[in-house]
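To start, the structure itself, in structure tokens.
The values are calculated or read from the model by the stated rules, or taken from the named source; none is laboratory data. Since the structure is predicted, the reported quantities are computational estimates derived from the model, not experimental observations. FYI the Cβ positions are ideal-geometry reconstructions off the backbone, even for glycines, and counts take in every protein chain you see. Accessible surface areas use protein heavy atoms only, side chains included; no ligands, DNA or RNA. Shrake-Rupley method; radii C 1.70, N 1.55, O 1.52, S 1.80 Å.
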Amino acid sequence: HVDLIHANWAICGAVASVVGKIIKRPVVTTLRGDDVTRAGRSWLERRLLDAAVKGSHSIVCVSEAMAIQLRASYPSRACDIHVCLNGVDEAFLHIARSSPISGCLRIVAVGSLIERKGYDLLIGAIARMRHRDGVCVRIAGDGPQRSQLQRQATTLGIADRVDFTGEVAPKEIPQFLADADIFILTSRSEGRPNVVIEALAAGLPVVSSALPGIDGLVKHGENGWVVEIGDIAGFAHALDEAFADPDERVRRAALAHECMRGEEYSWVMTGHSYDKLFMNALVERREAAL
């Protein structure tokens, strides 16, 4: 008894495509990044992506870079591949930041403790920093690599610098970011990370891997630092720069907050984009039935 099916991720899109065909309902599938990346490494993941793309009325990507890649892979569906950017909750735009601590750089990261997130790179970068004794790192998230990462921190002599906070409830993330000076993303692959959008909105300059999904979001020298994927020395250098020049860090923080205040980053705008896609799919279905 539905008019339309909206699926998220390739595996759900593949299933929804079959169901949609059976009950004769249009399917809109949103791809969020890693499902597109995995398709290049796995035969099964590629088949799931193929099924989702070919069986959906419309395909949504959460970044322009992902849409460009997908259009190149599926030229016959290029006109049906759209971009709907994720928004940011208003709570992050109105965070009351805590006062900085003199001589200390508070670094935060958020995400599952899995290989793709590159926390081993973060720990390696902290160990290489000239100012490692002046940083405090908090990692929100849990996962199968936790014990391995804790051992790495101990081996490198920085266990007292890194706090594995564990899972943090979504409602507590704004305060988690409020008590920091800088956000870091060392991921090896991502789509368009929501947490980076939230960190920028909270007024945190961001140190990030040079991922396609953050292109145009984190701007090197403006609202953060962009480092080549996997470059431990590059991450260490960026963090040392942030530590050594608090005024520059504050300047980039102000630009980070300002760049997120545009209408394009609101969930209302995201909603309008999806509403348009859903209505177009329903209209075309009705016309096809005539």
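I need to check one value: relative contact order of the range 129-196, counting alpha carbon pairs closer than 8 Å and at least 6 residues apart, in percent. Write down the numbers at each step before the final one.
Working: 35 pairs, mean separation 23.3, N = 68.
Over the range 129-196, the number comes to 34 percent.
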Next item on the list: Check cross-link reach from K171 to the aspartates and glutamates: straight Cα distance under 19 Å, and skip same-chain residues fewer than eight apart.
Entry: D89, E90, D142, D179, E198
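Could you work out the relative contact order of the range 172-261? I mean the mean sequence separation of Cα pairs under 8 Å and 6+ apart, divided by the number of residues, in percent.
Working: 134 pairs, mean separation 27.6, N = 90.
Relative contact order for the range 172-261 comes out at 31 percent.
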Check: Relative contact order (percent) for the chain, with alpha-carbon contacts under 8 angstrom and 6 or more residues of separation?
Finding: 19
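What do you get for Rg/Rh of the chain when both radii come from the Cα atoms and Rh is the Kirkwood radius? Present the calculation step by step, with values, prior to reporting the outcome.
Values: Rg = 20.7 Å, Rh = 20.3 Å.
With Rh from the inverse mean 1/r over Cα pairs, Rg/Rh is 1.02.
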Margin query: If you filter the range 197-290 for GluC sites (Glu not before Pro), then keep DSSP loop positions with at most 10 other Cβ within 10 Å, what is left?
Written below: E228
Item checked: Modelled FRET efficiency - R0 25 Å, S42 with V18, Cβ distances, 0.05 increments -> 0.80
Notebook entry, point to check: Given a 1.4 Å probe and the protein chains all in place, what does the accessible area of I11 round to, in Å² to the nearest 10?
Noted result: 100
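How much area per residue is accessible in the chain when the probe is 1.4 Å and only protein heavy atoms are counted (Å²)? Write down the numbers at each step before the final one.
Working: 13910 Å² over 290 residues.
Ligands and nucleic acids excluded, the figure is 48 Å² per residue.
Nothing charged except the Cβ atoms of Lys and Arg (+1) and of Asp and Glu (-1): what's the magnitude of the dipole of the chain about its Cα centre? Round to the nearest 20 debye. Walk me through the numbers on the way to the answer.
Details: 33 positive and 36 negative charges, 199 e Å.
That gives the chain a dipole magnitude of about 960 debye.
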Note to self: For the pair S102/R116, report the inter-label distance in nm, with labels modelled 7 Å from Cα in the Cβ direction.
What the structure shows: 4.5
Item checked: Positive-end extreme of charge dipole, the chain - chosen from M269, S99, A242 (charges on Cβ) -> M269
Next item on the list: Towards the positive end of the charge dipole of the chain, with charges on Cβ (+1 Lys, Arg; -1 Asp, Glu), say which of V83, T186, H1 has the farthest Cα.
Entry: H1
Next item on the list: Keeping the other protein chains in place, figure out the carbon and sulfur percent of the accessible area of the chain, with a 1.4 Å probe.
Entry: 54
